Amino acid sequence: MQMLRAISTLLSCAGRVRDVKICRIKRRSDGYTKTCTLMRHRWMKSARVATLCATTRELCSSAGKNIDMSKFPVDRIRNFSIIAHIDHGKSTLADRLLEMTGAIAKTERNKQVLDKLQVERERGITVKAQTASLFYQHNGQTYLLNLIDTPGHVDFNYEVSRSLSACQGVLLIVDANQGIQAQTVANFYLAFEAQLTIIPVINKIDLKNAEPDRVEKQIEKVFDIPKEECIRISAKLGTNVDQVLQEVVKRIPPPTANVEEPFKALVFDSTFDHYRGVVANIALFGGQVTKGDRIVSAHLGKTYEVNELGVLRPDEHPTERLYAGQVGYVIAGMKEVKDAQIGDTLHLHTFPVEPLPGFTPAKSMVFAGMYPMDQSEYTTLRRAVEKLTLNDSSVTVQKDSSLALGAGWRLGFLGLLHMEVFNQRLEQEYNASVIITAPTVPYKATLLSAKLIKEYGEEEVTIINPAQFPDKSQVVEYQEPMVVGTIIAPDEFTGKIMSLCLSRRAVQKNMVYIDDHRVMMKYLFPLNEIVVDFYDELKSMSSGYASFDYEDAGYQPAELIKIDFLLNGKPVEELTTIVHKDRAYTTGKAMCEKLKDSIPRQMFEIAVQAAIGSKIIARETIKAYRKNVLAKCYGGDVTRKMKLLKKQAEGKKKMRRIGNVEVPKDAFMNVLKRK
Amino acid sequence: MTECLQKETRTLLQISQVSKITSVFFGGGTPSLAPPSSVAAVLETASQHAQLAWDAEVTLEVNPTPASRDRLRDFVAAGINRFSFGVQSLRDANLRILGRDHSALQALQTVSEARTLCPGRVSIDIMFGLPGQSLESWESELEELLPICDDHVSLYQLTLERGTRLFRQVSLGELSVPGDDVTATMYEAARNSLENAGFLQYEVSNFAKNNAVSVHNMGYWKAQQYIGVGPGAHGRFVPRALGGVQREARTQTLEPDVWMKEVHQRGHGTRRRTQLSHLSLLEEVLVMGLRMTEGISHQHWKLFSPEANVQEVLRVREDVLELQQKGLLILDERGLRCSWDGLALLDSILPVLLLSLETFFHTWRPAPTPTTAARRTEREETEALSPPSERNTA
């Protein structure tokens, strides 16, 4: 959805990305390619593609020997991230930082160097965190600055907090014209809660309508950061970018890690490479590690031997060793992604350590059914899904099948953007065309009888599939997931936004003016109320000025009911829906209307009904047609007529019969799919 | 052009080895623009290569313009004994929308002239569902039409063909055509009025008084063989002279100049030949046959499917039974046919029957061996006399 779409600006050089993909020869065909192939490509402009991969490794290793990582003690290391609302210029600043420190050549074409997926470049968002080690000269000393790129959206908060756990500070970018937006707030709190040093950076001061003074005041008011601490830059033009690097060195503390201690590292990201196995990104909290070391993953207790390690610049750059406080990658013969669980601690075989606090696994908040457009594509699609999920463990996959749509899956996503991105990647990277059903949220039910509890194995069950919704008579209480939504908008829209939120069963938590004209409102929303079209509506009613972001807020009791849909009295299983009591009538009516418009008229009348239990709450009628016959059919018309009828007969085979009603697959798609 | 028509007629008659011609139809485009001498020449050629019965129906499709009217007599002299007029409407405004170059008055005069020349053998085409037409205006138009009709009426609903000006105008919203429910009522009204006026409906779109049914068109619906001559003409026959045993669907080249070149070179301008499998032929028998109110008799079906009768073929799917229970389809000792209501829904009924036929064919029936196929076509040949369709778009 738009939430995601909004993000970015920078136009991608998609063509180049494609080149890169090809020359990486499928090795990393599963996306989330870690290192920057793009850059290898650029360095070796004259090299022929065929030799690229073979020679690159040698080049890197010979170059790598030049970097002695022991020259960077902890006090000359800074680990930081850049966080921002979409479009505020995070990736442009990253490009500039990379150029200034010589990590990449300075050219006109450096656009979103760290965003490697096609979807990232097209949407201007970052989905997968990337890392780049920069060497920076300051006061005659060379500093090692590790830039850990983060995804920009709350759906990927999990990724953000993973990245932040390896950092001591962040650059919080705010657009000099747009000011603080909803994601700025969400990202700020993530960094704030992680107790990181926050350096506010006001970007795009070159814009004609830039108002850095106003934005500084907002920052002071909302984040309680003195305006003197803000750095005004233009990442596009490079203005004051050097000051940013200086401030990183000055303000952000070095990591607290001791090289004398035993080796202890946090796995903050991992990717899978078909040839080399798992590539784990690690932050060293103590000690050092070198090739040949035998290391253990604390979580699984498995032992591995380090085959290769190095820094990311942002491509993989092998080194001899990594030391406390540094950030890099390690390849140690891990065969599966789950061997390097994110949040896991690595230590030496000979020196067990107290594991670092890990991460809570990402929790799926939005579920949707996914089916191949054509059942014959099932196997191909399954492979594509497997590959994509290999590097995105936050997607949960469950087999599902629908009488109407065939065999497919019920997928769980972190949020709507996550779902969009996943779908887009399937289409772009695997050329798969899929039907995605309208998203639903996981409900909970507290069961009543001991018998049922025994049957389900627990007192509280989570319901993902409406078909498994336990009846009210068996339930003490239903609960629905809630989120706290932050909306920032010009105050002229306040009234409209308040009534929109009210219509979505939202409860206002607070409302503050962040400057003379902009209001920040916080609402407690049922997640279900925002999953479908809330953001689109918010955007259109505010002429695009409102920004929205949300965070998880647990569960709340809710009066939920199940609506069944009937065609001539026969229930249609795949349409069963769970809604809040207050929504039953409108949902029932809307679905009946959609069904009426999607099911073609037939030779008899069709009653389309919505029912709660045995009570009908909405009805539409599809009238029988009385005439369907081609007027003219003589010698010259036979061939064409036969073709048409045969096609209709074929189509009939694919229809689903519910009672005496034939429902084309399209009709289900129209009703079930997201708008 | 005339020469090419003659040449192609000759070639195709030879290929088909047809012995007797029961009807000839000059239609498609505006054959009445061709000189009567062309008609005479083609008929002459046909009778040289096959037996053209003295009472064979020879129809000419005519636009009811004054120019055509002046030549009707000459066409009769050339051998035409039945006229079919594209009257379409008695409202000049409608005729303009349809892009016709005749007026209602001219149509009336032409039809009346033809009726004196070929009494009882004049057909008129009328059309409903026109842009801006209401049920009332259609009913009053029908009232005016009935008295001028001879013994045959073809009733069509306007179909918008992609690529035409009318299609564009309707899709742009400049014109609007009546909705499905209205045209259903219009069709019903016309069927009633025509029957009250003594016309018997014998096909979805065709009505006749005094048994003046079109012999030629009945041939199509009864799945008989026919030869198509001229640019874009379609034919269906067994090319016996080429050693064929199966019926072929044939299409002649559409572009007149290319067609002529081909006829000069090869004797015919056949662009496409498709062998009809036994299943395809039965499908056509079903689809075409059910357009007739009399439907498909058991005897007729047996000609094409001696192995399995209609009951066996249709009992495969239960939705066929539903159609019978709803009173849309009738299967009794006479054969298979649509009811009055069913005929209006034929295109919804046919896919059900086709699926049943297909399932039967694939499940119960062994693949037809060459001997059974041969046996069948022999029978067909002796039974089905072959009305060639003469088409001329010149």
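Every number in this text was worked out from the coordinates using simple rules, so none of it is lab data. Just so we're clear, the structure is a prediction, and the values are computed from it rather than from any experiment. Cβ sites come from the backbone with ideal geometry, for glycine too, and all protein chains shown count toward neighbours.
Key figures
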read-out: Per-residue mean of C-beta atoms belonging to partner chains within 10 Å, peptide B:170-181; value: 1
read-out: Test item: Cα-centred dipole of region B:219-318, Lys/Arg +1 and Asp/Glu -1 on Cβ, debye; value: 220
read-out: Whole-angstrom Cα spans of region B:1-42 along principal axes, big to small; value: 31, 21, 17
read-out: Alpha carbon convex hull of region A:140-290, projected area averaged over orientations, nm²; value: 11.7
read-out: Whichever aspartates and glutamates have a C-alpha closer than 18 Å to that of A:K646, once near sequence neighbours (fewer than 8 apart) are set aside; value: A:D637, A:E662, B:E283, B:E284, B:D319, B:D347, B:E358
read-out: Mean Cβ count within 10 Å, highest first, over the residues of peptides A:541-550, B:121-130; value: B:121-130, A:541-550
read-out: Bridge type composition, chain B - antiparallel percent by DSSP, nearest 5; value: 45
read-out: Mean Cβ count within 10 Å, highest first, over the residues of peptides A:84-90, B:259-265; value: A:84-90, B:259-265
read-out: Positive-end residue, region A:171-226 charge dipole about Cα centroid, Cβ charges, pick of A:L207, A:A182, A:T197; value: A:L207
read-out: Summed side-chain charge close to B:N81 - residues other than B:N81 whose Cβ falls under 9 Å, Lys, Arg +1, Asp, Glu -1; value: 0
read-out: Computed [θ] at 222 nm, deg cm²/dmol, the protein assembly as shown (DSSP H ≥ 4; -39,500 (n - 2.57); rounded to nearest 500); value: -10500 deg cm²/dmol
read-out: Shielding by partners - mean other protein chain Cβ count within 10 Å, residues of B:284-291; value: 3
read-out: Summed residue charge, Cβ within 11 Å of A:L237's Cβ, Lys/Arg positive, Asp/Glu negative; value: +2
read-out: A:D536-B:W54 FRET efficiency (beta carbon distance; Förster radius 51 Å; 0.05 resolution); value: 0.10
read-out: Whole-Å distance, taken between Cα centres, linking region A:384-422 and region B:313-328; value: 42
read-out: Ordering of A:179-191, A:515-527, A:451-463 by burial proxy (mean other Cβ atoms within 10 Å per residue, highest first); value: A:179-191, A:515-527, A:451-463
read-out: Cross-link table A:K338/A:K387; A:K647/B:K326; A:K399/A:K654; A:K632/A:K652; A:K264/A:K335; A:K496/A:K539, entries beyond 18 Å C-alpha to C-alpha; value: A:K647/B:K326; A:K399/A:K654; A:K632/A:K652; A:K264/A:K335
read-out: Mean separation of Cα contacts under 8 Å, 6 or more apart, over the residue count of region A:551-675: relative contact order %; value: 25
read-out: B:T185 paired with A:R619, simple spin-label distance in nm, labels 7 Å along Cα-to-beta-carbon; value: 2.4
read-out: Order of B:E143, A:E99 - criterion: other Cβ atoms within 10 Å of each residue's Cβ, fewest first; value: B:E143, A:E99
read-out: Value of Rg to Rh for region B:306-351 (Rh from inverse mean 1/r over Cα pairs, i.e. Kirkwood); value: 0.96
read-out: Spatially proximal aspartates and glutamates relative to A:K302 (Cα-Cα < 17 Å; intrachain offsets below 8 disregarded); value: A:D293, A:E336, A:D339, A:D344, A:E354
read-out: Proportion of all alpha-carbon pairs of the protein assembly as shown beyond 37 Å (%); value: 64
read-out: Cβ-Cβ FRET estimate between A:E228 and A:A194, R0 fixed at 22 Å, reported to 0.05; value: 0.40
read-out: Ranked list, fewest to most other Cβ atoms within 10 Å of each Cβ, for A:I606, B:I330; value: B:I330, A:I606
read-out: Share, in percent, of DSSP beta bridges within the protein assembly as shown that are antiparallel, nearest 5; value: 75
read-out: Label-point gap, in nm, between A:I612 and A:S449 - each point 7 angstrom along Cα→Cβ; value: 2.4
read-out: Potential extension, A:K652-A:N568 segment - 0.36 nm per residue separation minus Cα distance; value: 28.4 nm
read-out: Sum of side-chain charges, A:K204 neighbourhood, beta-carbon under 10 Å (Lys, Arg +1; Asp, Glu -1); value: -1
read-out: For the protein assembly as shown, with +1 on Lys and Arg beta carbons and -1 on Asp and Glu, the positive-most of A:P490, A:L414, A:N139 along the dipole; value: A:N139
read-out: Reach of A:K594 by Cα under 18 Å, taken over lysines that are not fewer than 8 positions away in the same chain; value: A:K570, A:K623, A:K665, A:K673, A:K675
read-out: For region A:513-592 and region A:272-346, distance of Cα centres in Å; value: 43
